[in-house]
Amino acid sequence: MKNLIFIGPPGAGKGTQAERIAERFGIPAISTGAIFRANVKGKTELGRQVEAIMAAGGYVPDELTNALVRDRLAQPDCAVGFLLDGYPRTVGQVHALDTFLAEGERPLETALELIVDEDAMVARLLARAADQGRADDNEETIRERMAIYRAETAPLTAIYAEQGKLRQVDGMGDIDEITERIATALADLAG
Ligand code: ADP
């Protein structure tokens, strides 16, 4: 069973790489950000609750995020494993995830961190803003997301390092090359 999470700052390419690696491993890639965006677009009750928070670059409250992930991990396609992209992002979410996984007797195997240069990420997100028009891709919001990442999410890597689950990969450079680096870093989990 391959139970994985990807950690990295906004713009690090987690989404792209998570899709590619999940496909190779035959497991679902689960992006909390993408699920929230779909709910905003579909004007669901959850979407209404998170829209303003996301547009400002803040984190959705743990209660909402944890409930969403718990439901998603209970879907049958997660029985073979999963790759969570963008969750957990807070210490509270780390503990919630541990609880969900303990319920299913399927511990987390690996937390993969993409190591990137922050200034390059800001530039990349600004470019994406022009390209995709995401509501949270403007300079002020990008800076806010980076600051929250540093304060709330970067510390999670120490937790996973202590558990011996952290693997770090250089996330700068060519997209295909980065995919290969990640695949190499996870090669012992394949099969
Ligand atoms: P990025 O990696 O650029 O921040 P995401 O698509 O992963 O993009 O997330 C977009 C937004 O969705 C976040 O800024 C946040 O508002 C919300 N979000 C996603 N995942 C979480 C989470 N685990 N906890 C709280 N908020 C989240």
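Rule-based calculations on the coordinates, nothing more; no lab input. Since the model is a prediction, treat every value here as computed from it, not as a measurement. Note that each Cβ is placed from the backbone with ideal geometry, even for glycine, and that neighbours are counted across all protein chains shown.
Things to note:
- Cα-based Lys pair tally, the chain, threshold under 30 Å, eight or more apart or on separate chains: 5
- Debye-formula intensities of region 81-160, expressed as log10 I(q)/I(0) at q = 0.11, 0.24 Å⁻¹, are -0.38, -1.16 (one equal scatterer per alpha-carbon, no solvent).
- Rg followed by Dmax, in Å, when region 1-94 is reduced to its Cα trace: 13.1, 37
- Summed side-chain charge close to Gly26 - residues other than Gly26 whose Cβ falls under 12 Å, Lys, Arg +1, Asp, Glu -1: 0
- Alpha-carbon spread of region 16-61, three principal axes, descending order, Å: 35, 20, 15
- Percent of C-alpha pairs per 10 Å bin, region 118-191, short to long: 16, 32, 37, 14, 0
- Cα gyration tensor of the chain - equivalent ellipsoid semi-axes, whole Å, descending: 24, 21, 16
- Contact order relative to length of region 90-191, as percent, for alpha carbon pairs under 8 angstrom and 6 or more apart: 36
- Computed [θ] at 222 nm, deg cm²/dmol, the chain (DSSP H ≥ 4; -39,500 (n - 2.57); rounded to nearest 500): -16000 deg cm²/dmol
- Scanning residues 5 or more positions from Asp170 or on other chains, those with amide H under 5 Å from its amide H are Ile115, with H placed 1.01 Å from N in the peptide plane.
- Computed log₁₀ I(q)/I(0) - Debye formula, equal Cα scatterers, no solvent, region 84-125, q 0.26 Å⁻¹: -0.96
- Annotation for region 1-50 versus region 79-94: alpha-carbon center distance of 10 Å.
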